[in-house]
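Reviewing the structure listed below.
Derivation of every value follows stated rules applied to the coordinates shown; laboratory data play no part. Model, not experiment: these values are computed from the prediction. Positions of Cβ are backbone-derived with ideal geometry, glycine not excepted, and every protein chain shown enters the neighbour counts.
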Amino acid sequence: MIRVRFAPSPTGNLHIGGARTALFNWLYARATGGKFVLRIEDTDQVRSKEEYLDEIRNSLQWVGFTWDEIYYQSQRFDTYRQQAQRLLDEGKAYVERSPEGKEAIIYKVTPQKIRVSDLIRGEIEFDAQTIKDQVLIKSDGTPTYNFACVIDDAQMQITHVIRGDDHISNTPKQILMYQALGFTVPLFAHLPLILGAEGGRLSKRTGATAISDYRKMGYLPQALVNYLLLLSWAPGADQELIDINEAIKRFDIKDVNKTAATFDLKKLAWINNQYIKKEDPGKLSELVVPFLREKGFTSGRALDLDYVASITKLFQERLATLADFPDWADFFFSDDVKMDEAAQKKHLSADLSREFSLFIERLDTLADFDVAGIEQTFRELVKELNIEARALIHPIRVALTGKTVGPGLFDVIYYLGKERTKKRLMQWVKRSQS
């Protein structure tokens, strides 16, 4: 059975690069009917924090990378020391004492050629003559990364080590230890780098942000996973949107791209918009409520999921992230309309008190306050006034929403409701008359 692992260190949050590595491990396990192991590499007892561990686990669960087994290196120190002692007893390692009298255990590197058949990169050859003797157990009693992960991978029966190509330099060091300990060497697959938009290393400005931050910014997990997948693998036929269950059926680690991937925030936003557009409005309403609360919209309407779902549907086509929703739709949830000054100057400088008053009167006569009735009333009024519809549509929109763009005006009026619409228009009537 294929067994893969994702081995984060809880010395920081889970970022894009780590999430991409977790995805390809998890995906390969699910595609082959194998097991996905989560191993927490928390040997650094000073820098490892519970808050980072919680963030890593929560982020993995949010994107759907559920693990089959979980291990903690901090609970395995005795195992590492036993294996180091075995190498000492066999004459493959030696003790080095510091001036303070503390002891470290060092592995003696034997010069040789090391060949790796990387599943992504092909044949790679290393010369062990360039590798110095390797520390196994540091003078503080903790194991080194290369030593601990070799023992763990062997004892956890990891068959495939799938990781970023920044680990290529570790591979020959680890193979030497596999051989010294008599363990079976797993197969390796090194994923290409993720670069920033300008070609350099990924930075916070170009997308190297914690997965939990993408969640806070309003990205859907399935959209983020879709984009991470496209960074190093393609489903073919120029397809850019792919359901994860379909990807599982088609994925093979050997098909991963060899070249570095460029992280494009605009492309991620486009993919997120595609997923938002096809999401059920009811489900979407549940997802946007926390963003409404964060902006201070905590009234009954902001928490009424049926109302929020109706409003969400109006904006669904244009949302790049869920966090955009409160900014687009704030006027539905607050009577404190934020006015765009340029829009006000352009569309509300003239005295429209007569036109607004007439429209208010016509709305009062509506027996059925629905979108069709509102539109018919409006069309009849502009015809009587002998003016173009846009001459009144834009001023009314700005008066009601503070914006020049948004959903159809008659939808806006319907969901604002008759009383709120009248109140907002009347404020401008009074302002013009004062």
**Request:** Using θ = phi - 60° and the Karplus relation 6.51 cos²θ - 1.76 cosθ + 1.60, list the HN-Hα couplings for segment 121-136 in order, rounded to whole Hz, with x at every Gly or Pro.
**Result:** 9, x, 6, 10, 10, 10, 10, 5, 5, 8, 9, 7, 3, 9, 6, 9
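By how many nm would the segment from VAL371 to SER139 lengthen if fully extended, with 0.36 nm per residue of separation less the alpha-carbon distance? Walk me through the intermediate numbers first.
Values: separation 232, 0.36 × 232 = 83.52 nm, distance 7.58 nm.
The span from VAL371 to SER139 would gain 75.9 nm if fully extended.
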**Asked** Does anyone have the angle between helix 145-155 and the longest principal axis of the chain? Alpha-carbon axes, 0 to 90°, nearest 10?
**Response** 90 degrees
**Request:** Would you please give the residues with an amide H less than 5 Å from that of ASP118, counting only those at least 5 places away or on a separate chain, with H modeled from the backbone geometry?
**Result:** GLU123, ILE124
**Prompt:** Which ³J(HN,Hα) values in Hz, rounded to whole numbers, follow from the phi angles of segment 299-308 under the Karplus curve 6.51 cos²θ - 1.76 cosθ + 1.60, where θ = phi - 60° and Gly and Pro get x?
**Reply:** 6, x, 5, 5, 9, 7, 4, 5, 5, 4
**Request:** Of the listed values [x] 72, 43, 42; [y] 69, 57, 44; [z] 101, 51, 36, grab the one calculated as Cα extents along the principal axes in Å from the structure here.
**Result:** [z]
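As a quick test, which of the pairs LYS254/LYS283; LYS295/LYS423; LYS266/LYS313; LYS283/LYS383 have an alpha carbon distance above 32 angstrom in this structure? Numbers along the way, then the final one.
Details: LYS254/LYS283 37 Å; LYS295/LYS423 23 Å; LYS266/LYS313 23 Å; LYS283/LYS383 41 Å.
Correct reply: LYS254/LYS283; LYS283/LYS383.
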**Request:** Could you tell me whether segment 76-191 comes out rounded, prolate or oblate from its Cα gyration tensor? Rule is a ≥ b ≥ c as square roots of the eigenvalues, rounded for a/c under 1.5, then prolate if a/b exceeds b/c, otherwise oblate.
**Result:** prolate
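Once you have the Cα-Cα distance between TYR72 and GLU123, take 0.36 nm times their residue separation minus that, and quote the gain in nm to one decimal.
Numbers: separation 51, 0.36 × 51 = 18.36 nm, distance 3.24 nm.
Here the segment from TYR72 to GLU123 would lengthen by 15.1 nm.
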**Message:** From the alpha carbon gyration tensor of segment 341-433, can you work out the equivalent ellipsoid semi-axes (sqrt of 5 times each eigenvalue) and give them in Å, largest to smallest?
**Reply:** 19, 14, 13
**Asked** In whole Å, what are the Cα extents of segment 220-377 along the three principal axes, biggest one first?
**Response** 71, 33, 32
**Complete:** The helix 281-294 Cα axis meets the longest alpha-carbon principal axis of the chain at an angle in degrees, between 0 and 90 and rounded to 10, of 90 degrees
**Asked** Short version: ³J(HN,Hα) in whole Hz for each residue of segment 42-51, in order, from phi by Karplus 6.51 cos²θ - 1.76 cosθ + 1.60 (θ = phi - 60°), x for Gly and Pro, what are they?
**Response** 10, 6, 7, 6, 7, 8, 6, 10, 4, 5
**Complete:** With -39,500 (n - 2.57) per DSSP H segment of 4 or more residues and division by the full residue count of the chain, the 222 nm estimate, nearest 500 deg cm²/dmol, is -15000 deg cm²/dmol
**Request:** For the chain, with a Gaussian network of springs between Cα atoms less than 10 Å apart, report the residue from ILE70, ILE253, ILE162 with the top mean-square fluctuation.
**Result:** ILE70
**Item:** log10 of Debye I(q)/I(0), alpha-carbon scatterers only, for segment 279-333 at 0.14, 0.19, 0.29 Å⁻¹
**Value:** -0.27, -0.51, -1.32
**Prompt:** Considering amide H positions built from the backbone, and no H for Pro or chain starts, which residues 5 or more places from TYR72, or on another chain, come under 5 Å of its amide H?
**Reply:** ILE40
**Residue among SER212, SER285, SER98 with the largest mean-square fluctuation in a Gaussian network model of the chain, springs linking Cα atoms under 10 Å** = SER98
**Message:** Among PRO143, PRO111, PRO221, which one shows the highest mean-square fluctuation when the chain is modelled as a Gaussian network with alpha-carbon springs under 10 Å?
**Reply:** PRO111
**Message:** Multiplying the sequence separation of ASN170 and GLN157 by 0.36 nm and subtracting their Cα-Cα distance, what value in nm do you get?
**Reply:** 2.8 nm
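Report for the chain the percent antiparallel among DSSP-assigned beta bridges with both residues inside it, nearest 5. Intermediate results must be reported in sequence, preceding the final value.
Values: 17 of 33 bridges.
Rounded to the nearest five, the antiparallel share is 50 percent.
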**Message:** Give me the dipole magnitude in Debye, nearest 20, for the chain about the Cα centre, with unit charges on the beta carbon: positive for Lys and Arg, negative for Asp and Glu.
**Reply:** 460 debye
**Request:** List TRP67, TRP62, TRP233 from most exposed to least, where exposure is judged by having the fewest other Cβ atoms within 10 Å.
**Result:** TRP62, TRP67, TRP233
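Let's see if you can work this out: charge +1 on each Lys and Arg Cβ, -1 on each Asp and Glu Cβ, no other charges. What is the dipole magnitude of segment 341-433 about its Cα centre, in debye to the nearest 20?
Working: 16 positive and 13 negative charges, 94 e Å.
Roughly 460 debye, rounded to the nearest 20.
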**Amide H within-cut-off set for LEU195, under 5 Å, with H built and near neighbours excluded** = ALA261, THR262, PHE263
**Complete:** For segment 281-340, the dipole about the Cα centre with charges only on Cβ (Lys and Arg +1, Asp and Glu -1), to the nearest 20 debye, works out at 160 debye
**Prompt:** Efficiency by 1/(1 + (r/R0)^6): what FRET value for LEU303 and GLU100, r their Cβ-Cβ distance, R0 = 51 Å, to the nearest 0.05?
**Reply:** 0.25
